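What follows is a short report on a single structure.
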Amino acid sequence: MASDSFSSLSISSAQIANLDSLNYKVMTPVQAQGLPHVLQGKDLIARAKTGSGKTATFGIGLLEQINPRFFGAQALILCPTRELADQVGKELRKLARCIPNIKLVLLCGGKPFGFQKASLEHGAHIIVGTPGRIQDHLNRETLVLDGLKTLVLDEADRMLDMGFSEVINEIIELTPKTRQTLLFSATYPESIGQMCESILREPITVSVESEHQTSVIDQAFYKVKEHQRNDTLLALFEHYQPETTVVFCHTKKQCDEVARYLDGHNIEALAIHGDLEQRDRDQVLVRFANKSCSVLVATDVAARGLDIKSLSAVINFELPRDPDIYVHRIGRTGRAGEKGIALSLFIDSEKMRVNAIEEYQNKDCNIKAVDSLNRDDKFSVHPVMATMQIDVGRKNKIRPGDILGALTGDAGLQGSQIGKIDIFDVASYIAIERKALRKVLDYFANGKIKGRSVRARMIS
């Protein structure tokens, strides 16, 4: 039996069958290295980047420890952002399908506290949330961690970067000393080492590369004057003409300015950063993932909740100071066996950042001249899909199949006209071919889903 097969693990036959149904055929490197130790109850430090399969690494492990008959918090997963927490929650729900009556509660800021409190009153097995909101619930005694078996710190480096160190320590103080602790981090700065020494017991350490290699990513660097950044950014789009792009900026203000500039030049773009309301951030991420937006302008933290399998290009509007962050950014392209493009702008005073990337990757950076770009001033980006929101969701027992069935049945749409369907607690988002929008709106004016009238509106 192959060592990278899930069947080689000491997990239930029901979970093996579930993993097979989810098309989890073989373990990723972080799963193969980490899961056997997790299942043995050992503490773990895993240096693994986005896309490495880390959620299943801790998810499969903690689910094996859950007692469904005890409705108390047995696993706690701390995430830096609401977007990542939501993504982790969705993945854990899939992994938990083989265990009857498992309840997972998402506790994040940006959502009503009272609603979360009411849900906790009926008990929960798994808690996924952000440090600030978890702390609020602990302080108000709406959440108790006395029965906790597994603590997961996901993207611990980002949580420390965001200033959550003290909050995390306060949370950990309220957990049993006998807990299992699993820490996942894309980078390993000194602060992570200090945290590990204080909260983990004889941990096993694994370090793996992301599922792709930078060799499948074409990297190019363009030296510009400060006043040339915007125009050169436009030139990159007109030359490379990527289908889907994330443009990374350092600040919230920069994100907004760049998005407005691109919009003004026939490239529809959305900005995402910490100043957006949670609902707006959710909608931006949904629209990008379902292809009703093709260009996202984001800060590093805001992009953490991004869930897209195939990204044509990553553009660094400004190079990060840390080469590890650069590699993490560009690692969002070049996945699933496809070639990716990573394009970066830098000014003369930032040449040291280029040098640091060269040293980190152990190869010279491909520096190109701006005038080598062949510009097509007729190039534009206008997505063929649009996103529609309806006012029913998970709390209404709505599933994607219910929506798809209504639209391909009574509404008369072709399956090809419907894209990704995202189900949230009290709302759902549907990607619809733009030319079919009127037909869908007309249907929802009088039509129903599972016998329920719904309100619909277009958000893009």
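The values are calculated or read from the model by the stated rules, or taken from the named source; none is laboratory data. Given the structure is predicted, the values throughout are model-derived calculations rather than measurements. Cβ: placed from backbone, ideal geometry, glycine included. Neighbour counts: every protein chain shown.
Taking each residue of the stretch 75-98 that is not assigned by TED's automatic domain parsing to the domain that holds Ile168 and looking for partners that are at pLDDT 90 or above and part of a helix (DSSP H, G or I) with beta-carbon atoms closer than 7 Å, six or more apart or interchain, yields nothing. Can you name every residue in the stretch 53-77 that is closer than 16 Å to Leu153 by Cα, at pLDDT below 90 and not in a helix (DSSP H, G or I)? Selection gives Gly53 alone. The condition (being among the charged types (D, E, K, R) and more than 30 Å from Lys103 (Cβ to Cβ)) is satisfied by just one residue among Lys420, Lys450, Lys439: Lys439.
Within the stretch 53-68, residues that are closer than 23 Å to Ser207 by Cα sit with their Cβ atoms under 9 Å from residues that are of a type in the set (Phe, Trp, Tyr) and in a helix (DSSP H, G or I), at 6+ positions apart or across chains, in these pairs: Ile60/Phe6. Within the stretch 436-460, residues that are touching a residue at least 60 places away in the same chain (Cβ under 8 Å) sit with their Cβ atoms under 6 Å from residues that are crowded, with 17+ Cβ neighbours inside 10 Å and in a loop (DSSP other than H, G, I, E, B), at 6+ positions apart or across chains, in these pairs: Val454/Val392; Ser460/Ser292. When we screen Val247, Val208, Val224, Val216 for residues that are within 30 Å of Gly193 (Cα to Cα) and touching a residue at least 60 places away in the same chain (Cβ under 8 Å), the only hit is Val208. Would it be correct to say that Lys94 is more than 17 Å from Asp154 (Cα to Cα), out of contact with any helix residue (DSSP H, G or I) (no Cβ under 7 Å at 6 or more places or on another chain) and at pLDDT 90 or above? Yes; evaluated as a whole, the condition is true for this residue.
The residues of the stretch 402-418 that are among the small types (Gly, Ala, Ser) and touching a strand residue (DSSP E or B) at 6+ places or on another chain (Cβ under 9 Å), listed by number, are Gly405, Ala406, Ser416. Answer with yes or no whether Leu233 is farther than 22 Å from Ile217 by Cβ, over 19 Å from the mean Cα position of the chain (by Cα), assigned to a helix (DSSP H, G or I) and of a type in the set (A, V, I, L, M, F, W, C). Criteria not met by Leu233. Could you tell me whether Gly163 is assigned by TED's automatic domain parsing to the domain that holds Ile77, modelled with pLDDT under 95, within 22 Å of the chain's Cα centre (by Cα) and surrounded by fewer than 17 Cβ atoms within 10 Å (Cβ to Cβ)? Yes, satisfied.
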